[in-house]
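Encoded as structure tokens, the structure appears first; notes follow it.
Derivation of every value follows stated rules applied to the coordinates shown; laboratory data play no part. Note that the coordinates shown come from a computational prediction; the quantities given were computed from them, not determined experimentally. So basically every Cβ, Gly included, is an ideal-geometry build from the backbone, and we count neighbours across all protein chains shown.
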Amino acid sequence: MEYSGYYGNSVAEHERWLDLLESPCMLPLSSSMYQQPTPEQARLVRQYLGLSQIQLGHFLGQAVSFEGCLEVQLWESEHRIDSGNWRLMLAAAGLCDLREDLLFLKMNKNQPDVSG
């Protein structure tokens, strides 16, 4: 069977997409079950957006040089991506709705306010 479009062009890509869509990294940041995305998940969404690492760096306001965008390189290799940048990538890809994130936060008023 051949897969195409949104879920990739191979069975392996399709499975990576399904893993991403079912992952706790897709939950609103205010969810107690939210988890950071893996480097592979960050790369998968960047590739879905059709952006190079440099283009994604520009889009997210990161420092970019002729050698690339160090932040994006780190996110896709070993370091955690900033949660705000992750949600912005998901929103740009049409994989989350930031208005729903706000609604989720407002509906869960019983969470302790640790803002200081």
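For the chain, the Cβ-based charge dipole about the Cα centre amounts to some 380 debye (Lys, Arg positive; Asp, Glu negative; other atoms uncharged). Positive contributions from Lys and Arg (+1) and negative ones from Asp and Glu (-1), summed over other residues with Cβ under 13 Å from the Cβ of V72, come out at -2.
Rounded to the nearest 500, the helix-only mean residue ellipticity at 222 nm of the chain stands at -13500 deg cm²/dmol, with each DSSP H run of n ≥ 4 adding -39,500 (n - 2.57).
With contacts defined as alpha carbon pairs under 8 Å and 6 or more residues apart, what's the relative contact order of the chain in percent? Please list the in-between numbers first.
Numbers: 97 pairs, mean separation 23.7, N = 116.
Once divided by the residue count of the chain, the mean separation gives 20 percent.
Classified by the C-alpha gyration tensor, the chain has an oblate form. Its axis ratio a/c, with a ≥ b ≥ c, is 1.5 or above, and a/b does not exceed b/c. Exactly which GluC sites (Glu not before Pro) in region 29-83 are in a DSSP loop and have at most 15 other Cβ atoms within 10 Å? Passing both the DSSP loop test and the Cβ count: E67, E78.
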